[in-house]
Amino acid sequence: MDLTAYLDESGIHSGASHCALAGFVASPRQWRLFDLAWHKALSVAPDLPVFHSGDFFGRSGPYRSLPDATRLELILGICDAVTNHRLTPFGIIVDCEVFNRLSRDVRRFITGGTILLDQSSRRWKWESSGAPNRPYFAVLSTALMLAANLAKPGKTVDFVFDQQESFAPLVVSEFAKTKALALVDGSEKLGNCTFMERKKASALQAADLLAHCWCTCYSAMAAGKEAFDKRGQLAQIAATERGKTLAEITKGKWWHDFHFPRFENEEDLILPIRRLSEDVARFLLDNRVEEA
């Protein structure tokens, strides 16, 4: 049976310390059952048009005056909707400071930029620019493959993203590029790529919940890494509202599970360049690629 992955992002705003892409993979039947359970959980607050994690945890917008008892019933209900169905969480997080330390040429390439060898000058030149200020695109391909490799041989995973006009064109381009890379293990499992409004897809709301909680908790741990040892930090974060939610919907796997890699150093990010031939890689790393 083919699967569908819904994924969302967190930490794409200016000044964010980390950027995360995360979501869930499941069969069409599990998504249908989940949708019923999710809407039932939301019914405890009938005035809410859609669940949005940032507003919920920040107690803003329609959640500003939500009674504590209703808040608790709501969050427990949507956590149950996730954990009572066979939804597999996955995601990836990148340290924005590490990303921003890379040279602009390297950031252009790992976020989707392409280079071509000019036959007359025998110099490498940029064909497309990528998104050097958006770490989201540095890890998009990895996130796609994490989800795709959850499918059995011969099956595919379709991907649904939150509708964002500014991101959609490059998402489509990177998806097609990753799918065309026959040498990437599992690329044949990539199905289709579509976009939906979050308010029309409960699965995207669940992906938003996972991405928001994971990014917020991990950013808090990174900010306090000098003040707490790992065990102390985990205990502290786990005691927060977001931490409890994150532990529940991932069954405690968000910190160490294979489906949640963390890009915390430059070598993690420049791996796509290391796969190039040595002379091409050196042009990029030495910032010698010219404008077309």
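The values are calculated or read from the model by the stated rules, or taken from the named source; none is laboratory data. Not measured: the values here are computed from a predicted model. Neighbour counts are summed over all protein chains in view; Cβ atoms, including those assigned to glycine, are modelled from backbone coordinates with ideal geometry.
Please count how many residues of the stretch 67-78 are in contact with a Lys or Arg (Cβ under 9 Å, 6 or more places away or on another chain) and either crowded, with 23+ Cβ neighbours inside 10 Å or closer than 14 Å to LEU246 by Cβ (or both).
Step one: filter the stretch 67-78 for residues in contact with a Lys or Arg (Cβ under 9 Å, 6 or more places away or on another chain), giving 71, 75, 77.
Imposing the further condition that a residue be either crowded, with 23+ Cβ neighbours inside 10 Å or closer than 14 Å to LEU246 by Cβ (or both) reduces the set to 75.
Adding up the residues that qualify gives 1.
So SER166 clears everything in (1) over 26 Å from THR245 (Cβ atoms); (2) in a loop (DSSP other than H, G, I, E, B); (3) touching a helix residue (DSSP H, G or I) at 6+ places or on another chain (Cβ under 9 Å) except one condition, right? Which one?
Condition (3) is where SER166 drops out.
For the stretch 26-44, state whether one or more residues are aliphatic (A, V, I, L, M), assigned to a strand (DSSP E or B) and at pLDDT 95 or above.
Pass one, the stretch 26-44, residues aliphatic (A, V, I, L, M): 26, 33, 36-37, 41-42, 44.
So of that shortlist, the ones also assigned to a strand (DSSP E or B) come out as 26.
Still in the list and also at pLDDT 95 or above: 26.
Yes, there is a match, as at least one residue in the stretch 26-44 is aliphatic (A, V, I, L, M), assigned to a strand (DSSP E or B) and at pLDDT 95 or above.
Considering each residue of the stretch 206-220, count those that are buried (at least 19 other Cβ atoms within 10 Å of the Cβ) and modelled with pLDDT under 90, and give that number. Let's see the steps before the verdict.
Step one: list which residues in the stretch 206-220 are buried (at least 19 other Cβ atoms within 10 Å of the Cβ), which gives 206-219.
Checking which are modelled with pLDDT under 90 leaves us with 217-219.
Of the residues in the stretch 206-220, 3 are buried (at least 19 other Cβ atoms within 10 Å of the Cβ) and modelled with pLDDT under 90.
Looking at the stretch 247-270 only, could you name the residues that are buried (at least 18 other Cβ atoms within 10 Å of the Cβ), at pLDDT below 90 and under 13 Å from CYS79 (Cα atoms)?
ALA247, THR250
Is it the case that ILE78 is touching a helix residue (DSSP H, G or I) at 6+ places or on another chain (Cβ under 6 Å), under 30 Å from GLU266 (Cα atoms) and among the hydrophobic types (A, V, I, L, M, F, W, C)?
Working: touching a helix residue (DSSP H, G or I) at 6+ places or on another chain (Cβ under 6 Å): yes; under 30 Å from GLU266 (Cα atoms): no; among the hydrophobic types (A, V, I, L, M, F, W, C): yes.
No; evaluated as a whole, the condition is false for this residue.
Any idea how many residues of the stretch 128-142 are touching a residue at least 40 places away in the same chain (Cβ under 8 Å) and more than 12 Å from SER173 (Cβ to Cβ)?
Residues meeting the conditions: 6.
Can you tell me which of (1) of a type in the set (Val, Ile, Thr); (2) within 22 Å of LEU284 (Cβ to Cβ); (3) not in a helix (DSSP H, G or I) is the one THR194 doesn't meet?
(2)
Output the number of residues of the stretch 8-39 satisfying the condition of being closer than 21 Å to ALA151 by Cβ and among the polar types (S, T, N, Q).
2
When the stretch 172-205 is examined, which residues are found to be among the hydroxyl-bearing types (Ser, Thr, Tyr) and surrounded by fewer than 17 Cβ atoms within 10 Å (Cβ to Cβ)? Even if it seems obvious, please write down each step before you answer.
Filtering the stretch 172-205 down to residues among the hydroxyl-bearing types (Ser, Thr, Tyr) leaves 173, 178, 187, 194, 202.
Listed by number, the residues that qualify are SER173, THR194.
Answer with yes or no whether GLY154 is of a type outside the set (A, V, I, L, M, F, W, C), surrounded by fewer than 17 Cβ atoms within 10 Å (Cβ to Cβ) and either in a loop (DSSP other than H, G, I, E, B) or within 16 Å of the chain's Cα centre (by Cα) (or both). Walk me through how you get there before you give the answer.
Working: of a type outside the set (A, V, I, L, M, F, W, C): yes; surrounded by fewer than 17 Cβ atoms within 10 Å (Cβ to Cβ): yes; either in a loop (DSSP other than H, G, I, E, B) or within 16 Å of the chain's Cα centre (by Cα) (or both): yes.
Spelling it out, GLY154 is indeed of a type outside the set (A, V, I, L, M, F, W, C), surrounded by fewer than 17 Cβ atoms within 10 Å (Cβ to Cβ) and either in a loop (DSSP other than H, G, I, E, B) or within 16 Å of the chain's Cα centre (by Cα) (or both).
Which members of the stretch 86-101 meet the condition of being crowded, with 22+ Cβ neighbours inside 10 Å, of a type in the set (D, E, K, R) and more than 14 Å from GLY15 (Cα to Cα)?
none
Give the residues of the stretch 259-290 that are closer than 21 Å to SER120 by Cβ, touching a strand residue (DSSP E or B) at 6+ places or on another chain (Cβ under 6 Å) and of a type in the set (Asp, Glu), sorted by residue number.
GLU290
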